[in-house]
Amino acid sequence: MKKNLLPWQLLTVAALVVPSGYLLSVWSRLPPQIPTHFGLNGQANGYTNRDHIWLLTLGLPLGVALLFTILPRFDPKQRLDGNSVNFQKLRLAVVALLGGVACYALHTALQPGMAPGRGIAVLLGLFLALVGNYITTVQPNYFVGIRTPWTLESPAVWTRTNRIGGITFCATGLLTAALALLLPRAWLPAMQLGLMLGTVVFCYAYSYVVFQQEERLRKAL
């Protein structure tokens, strides 16, 4: 069955175009310095000159999109399928995240009195959910997925770890986005850090446990 990648490719193009269109529409109202780096609390802690902001709205997303186009060619085992729908979804998720951050930066510059924190946390949460959805089915490779010494050693460990880890990342992302809208802003940094660290530690430990199970099974045969 031929895969219909066109809708995902068109959505990726839209994710590339929208931030630049937004930049053009608000250019005359932008201040000389645009907030482009944000801490866990959502507060801006880095700025970019307005004349160079196109690097964030177009240069970086376009560069990442092109990188994803050629990335499968560098997989020595050719297991990273760039023509799969899931891979196109992953590329869209990353490009959309970068575009979303760029639009958030422009909006923050236009609304200097806006309370920070929630927008970035929601974007991060949705991104983690999309990535988690992707890695549940990703094949063993050296670039994308939960890569630990044990998942790279065994395809069976890779499959089990990325399936459970992907579900965990998806749940963490959705929970992050929901809590970002509900919790007081002062709690957001601790919430994001705690959920991310917990998810990473769980996935790493789970891959080790699964590897030990596979080793005991292998020795018993």
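Every number here is computed from the coordinates shown, using simple stated rules; none is lab data. None of the values given here were measured: they were computed from a predicted structure. Neighbour counts run over all protein chains shown; Cβ positions are idealised from the backbone, glycine included.
The C-alpha atoms of the chain define a longest principal axis, and helix 85-110 lies at about 30 degrees to it.
To the nearest ten degrees, helix 118-135 and the longest principal axis of the Cα atoms of the chain are 30 degrees apart. Could you work out [θ]222 nm for the chain from helices alone, using -39500 (n - 2.57) per DSSP H run of at least four and dividing by all its residues? Round to the nearest 500 deg cm²/dmol. Here the helix-only value at 222 nm equals -21500 deg cm²/dmol. Amide H to amide H distances under 5 Å link T48 with I34, T36, where only residues 5 or more positions off or on other chains count and H is placed in the peptide plane. Computed from Cα positions, the angle between helix 155-182 and the longest principal axis of the chain comes to roughly 30 degrees.
Listed values for the range 200-211 are Karplus-derived 3J(HN,Hα) couplings in whole Hz (6.51 cos²θ - 1.76 cosθ + 1.60, θ = phi - 60°), namely 5, 4, 4, 5, 5, 5, 4, 4, 5, 4, 5, 4, and x replaces Gly and Pro. Springs join every pair of Cα atoms under 10 Å in this Gaussian network model of the chain, and among P72, P155, P140 the largest mean-square fluctuation is at P155. Projecting the Cα atoms of T161, L62, T172 onto the dipole axis of the chain, where Lys and Arg carry +1 and Asp and Glu carry -1 at the beta carbon, places T161 farthest toward the positive end.
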